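Participant: My questions all concern the structure below.
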Amino acid sequence: MASMSPTFLDWVSNTYGHMISDRLIRADLGPGGSFGGGGHIPLQRTQHQPVIIVHGITNRADRFWAIREHFISNGYSEAEVYATTYGDAGKTNVLFVTMQCDYVKRIRELIIAVSAYTNSTVDILAFSMGSPIARKVSIVAIKFSAKITHTSLFESINMSNT
């Protein structure tokens, strides 16, 4: 299980500071708390628009490793698929987890960093509680002209009331 690449983390640290790179790597969760970056040359455009995966409630980045592998097996590079863990990775019972401003900030930091690092707009693939987090980031991004072009949100929908 990989983590974010040293090339990406060094660039983030030099560009935005150690605090941001520490927030993105999630070393406190061990390998799999985040991934992405590859051996990409900073500020060069990637072949594909980078995809940022935003996991659901009580999950962590490596839970979506199979989705990363799907992109990689379909021509994406390691510099084009990213994720970080925004919460405590399931330490808190799901019944007591609420959306927090810090979750939105962490995903926003990742989007800004990936967009700048790859000199590209990004696509967001969000699941469960990751959907409203990504939506909140997108709303703020629209106000500040960030580079988000597509957002796919996978939410649970109760169809019994329709």
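FYI, it's all coordinate maths here, none of it is from the lab. Note that the structure is a prediction, hence the values are computed from the model and not measured. Cβ coordinates were reconstructed from backbone atoms using ideal geometry, including for glycine residues, and neighbour counts include every protein chain displayed.
Participant: Using only the Cα atoms of segment 1-54, what are the Rg and Dmax in Å?
Facilitator: 11.2, 32
Participant: Quick one: what are the phi-derived ³J(HN,Hα) couplings along segment 93-101, Karplus 6.51/-1.76/1.60 with θ = phi - 60°, whole Hz, x for glycine and proline?
Facilitator: Those phi angles translate into 4, 3, 5, 10, 8, 10, 5, 10, 4 Hz.
Participant: Shifting gears a bit: Amide H neighbours of Ile124 under 5 Å, counting only residues 5+ apart in sequence or on other chains, H built in-plane at 1.01 Å?
Facilitator: Here Ile52, His150, Thr151, Ser152 satisfy the definition.
Participant: Determine, for each peptide in 31-40, 84-93, the mean count of other beta carbons within 10 angstrom over its residues, then list the peptides with the highest first. Write down the numbers at each step before the final one.
Facilitator: Working: 31-40: 21.3, 84-93: 17.4.
So the order, starting with the most tightly packed, is 31-40, 84-93.
Participant: Assigning unit charges at the beta carbon (Lys, Arg +1; Asp, Glu -1) and nothing else, what dipole magnitude in debye, to the nearest 20, does segment 6-156 show about its Cα centre? Don't skip to the answer; put the middle values down first.
Facilitator: Details: 14 positive and 12 negative charges, 81 e Å.
It works out to roughly 380 debye.
Participant: From the square roots a ≥ b ≥ c of the eigenvalues of the alpha-carbon gyration tensor of segment 6-156, which class results: rounded (a/c under 1.5), prolate (a/b over b/c), or oblate?
Facilitator: In terms of gyration-tensor shape, rounded.
Participant: Let me ask something additional. Using θ = phi - 60° and the Karplus form 6.51 cos²θ - 1.76 cosθ + 1.60, what ³J(HN,Hα) does each residue of segment 47-58 get, whole Hz, x for Gly and Pro?
Facilitator: Result, ordered by residue: 5, 10, 5, x, 10, 10, 8, 10, 6, x, 4, 6 Hz.
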